[in-house]
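Take a look at the structure below.
The values are calculated or read from the model by the stated rules, or taken from the named source; none is laboratory data. In this text the structure is predicted, and so the values were computed from the model without any measurement. No Cβ is skipped: glycine too gets one built from the backbone with ideal geometry, and neighbour counts run over all protein chains shown.
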Ligand code: HEM
């Protein structure tokens, strides 16, 4: 009896091992037998680095016209796959989302071990899942976001007042400066219950500047990322500068955390829990590698991360919306008419109005289609060898998904280069990650976690700006010759910052903020 049992168990084990070996060999053969995606030939050592050009999203879009929607590049030592069609995006997110959920970490992001506490750069695993869960269950739920509407309104009112004061003083103003201060304050209110910056005082200005600098360094192409042997040399001094600026920003944010910890010990608490309270109270379940809590340093990194992830993206989108509206005066008029009708001429827009502002929603979508702030998404990484669309893709391949190219693809969009918000009025396409021809926030597991907040901020800010002001360009500029060049750093910004001349649109009740 015992012998029979042993025989059955050992045969079972042998069968399982044999099956495993057969499957593993088959997979290996499949991977070995199939080829890499097509791509331009590379130079020795540097590979295809020159193919990236100054505007990688544009150069890669041209390469995809020549080689197809899946292109293979060797960037120094980094294998890279570029996807440039809605079908390729769908395959990636529907069939390989987990495999491609890794991140490629750049040298700049290793400064001060930033990457180890970061969610955007964190590798897929228990720590990342925990951060993501806190964000989706504690910070970016509809009810939590509703609770902070008054903070967004306050920050937007301040912005409108600052803009008006500055335009009375200077004539024309640089829009992006005011929008980035506003979005910085929205995040500081949600996270730390404080305004950190205003155009006059120095207070949080150094923090704001350090964070802006970190995004500059983070967006610079760095040869050390392509040649690991050069890492210790840091030839462009990017990591050195990044270490200085991230270090400064971390010190600043850390002072808030220390003060809050002392206040809580002395039983001084906010009436409403902000994000810092949530992080300090958080207790992990310690299952599957999840830690018991989040260290003080990692809370600080998370705070910096939400500032960086939101400020530039929101500012870039709003600057491009206003740019497109100034180039397309009839769209501006239709939008103003919608706001007058839905919100009322003498009333302030509130978030409850957003659902009824269909044309405003279409304008935002059309802008994100043509000017996605993160045109190649945050680069993903294949966590294992995989067969993708018939090609063999080795583990650790970096993935660029060119959402900029997909947004301009004539096989997805009629007259793709024209700004026509109307195209979204008669369609149900949105940016929630299900329509792969339009994914400015990404899709799948690594999709933008701040989307629900970004949606509110974009519509409330734009609605308020357009309802409050009449907009014009500086005297020397006409819509036809506006400079539409782009500049790619961490986000895709307008190369020549937009300057505008303002007039109050509704000088009476609606100008509460301006008084
Ligand atoms: C116009 C506004 C915004 C746009 C277009 C945008 C877009 C994106 C994109 C494309 C990604 C990468 C997705 C991927 O790699 O597949 C991303 C990631 C992320 N975004 Fe946003 N974002 C915006 C606003 C915000 C805001 C307001 C926040 C938070 C306050 C935020 C927080 C994040 C974070 C933390 C990640 C990393 C997610 C992860 O790796 O798990 N974003 N965003």
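Regarding residue 434, is this residue free of Cβ contacts under 8 Å to residues at least 12 places away in the same chain and surrounded by fewer than 22 Cβ atoms within 10 Å (Cβ to Cβ)? Walk me through how you get there before you give the answer.
Numbers: free of Cβ contacts under 8 Å to residues at least 12 places away in the same chain: yes; surrounded by fewer than 22 Cβ atoms within 10 Å (Cβ to Cβ): yes.
When the stated conditions are applied, residue 434 passes them.
Write out, first by first residue and then by second, each pair whose Cβ atoms fall under 6 Å of each other, whose residues are 6+ apart or on separate chains, and whose first residue, in segment 442-455, is more than 13 Å from residue 432 (Cβ to Cβ) and modelled with pLDDT of 95 or more while the second is part of a loop (DSSP other than H, G, I, E, B) and more than 6 Å from the ligand (Cβ to nearest atom).
445/97; 445/101; 446/101; 453/140
Given the criterion more than 15 Å from residue 406 (Cβ to Cβ), within 12 Å of the ligand (Cβ to nearest atom) and surrounded by fewer than 19 Cβ atoms within 10 Å (Cβ to Cβ), identify the matching residue among 110, 133, 66.
On the way: 110 fails: within 12 Å of the ligand (Cβ to nearest atom); 66 fails: within 12 Å of the ligand (Cβ to nearest atom).
Just a single option satisfies the conditions, and that option is 133.
Identify all residues within segment 314-353 that are closer than 26 Å to residue 148 by Cα, surrounded by fewer than 18 Cβ atoms within 10 Å (Cβ to Cβ) and under 27 Å from the mean Cα position of the chain (by Cα); write none if there are none.
Of everything in segment 314-353, those that are closer than 26 Å to residue 148 by Cα, surrounded by fewer than 18 Cβ atoms within 10 Å (Cβ to Cβ) and under 27 Å from the mean Cα position of the chain (by Cα) turn out to be 350, 351, 352.
Return the only residue of 240, 259 being assigned to a helix (DSSP H, G or I) and more than 22 Å from residue 192 (Cβ to Cβ). Step through it out loud before you land on a result.
On the way: 259 fails: more than 22 Å from residue 192 (Cβ to Cβ).
Answer to the check: 240.
Within segment 364-396, how many residues turn out to be part of a loop (DSSP other than H, G, I, E, B), more than 30 Å from residue 319 (Cα to Cα) and within 15 Å of the ligand (Cβ to nearest atom)? Before the answer, list the steps.
Step one: filter segment 364-396 for residues part of a loop (DSSP other than H, G, I, E, B), giving 371-379, 382-385, 389-390, 394-396.
Going one step further and asking which of them are more than 30 Å from residue 319 (Cα to Cα), we end up with 382-385, 389-390, 394-396.
Still in the running and within 15 Å of the ligand (Cβ to nearest atom): 382-383.
The number of residues fulfilling the criteria is 2.
State whether one or more residues within segment 406-415 are part of a helix (DSSP H, G or I) and under 28 Å from residue 498 (Cα atoms).
From segment 406-415, those part of a helix (DSSP H, G or I) are 406-407; that's our starting set.
From the residues that got through so far, the ones that are under 28 Å from residue 498 (Cα atoms) too are 406-407.
Within segment 406-415 (the criterion being part of a helix (DSSP H, G or I) and under 28 Å from residue 498 (Cα atoms)), the answer is yes, since at least one residue qualifies.
Here's the yes/no breakdown for (1) in contact with a helix residue (DSSP H, G or I) (Cβ under 8 Å, 6 or more places away or on another chain); (2) on the phi > 0 side of the Ramachandran plot; (3) modelled with pLDDT of 95 or more:
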{"site": "293", "(1), (2), (3)": "no, no, no"}
{"site": "309", "(1), (2), (3)": "no, no, no"}
{"site": "319", "(1), (2), (3)": "yes, no, yes"}
{"site": "358", "(1), (2), (3)": "yes, no, yes"}
{"site": "367", "(1), (2), (3)": "yes, no, yes"}
{"site": "383", "(1), (2), (3)": "no, no, yes"}
{"site": "397", "(1), (2), (3)": "no, no, yes"}
{"site": "401", "(1), (2), (3)": "yes, no, yes"}
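Residue by residue, here is whether (1) out of contact with any strand residue (DSSP E or B) (no Cβ under 8 Å at 6 or more places or on another chain); (2) farther than 25 Å from residue 489 by Cβ; (3) part of a helix (DSSP H, G or I) holds:
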| position | (1), (2), (3) |
| --- | --- |
| 41 | yes, yes, no |
| 62 | yes, no, yes |
| 74 | no, no, no |
| 81 | no, no, no |
| 90 | yes, yes, yes |
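Those residues that are within 18 Å of residue 190 (Cβ to Cβ) and near the ligand (Cβ under 8 Å from one of its atoms), I need them from segment 308-322; list them, please.
Matches in segment 308-322: 309, 310, 313, 314.
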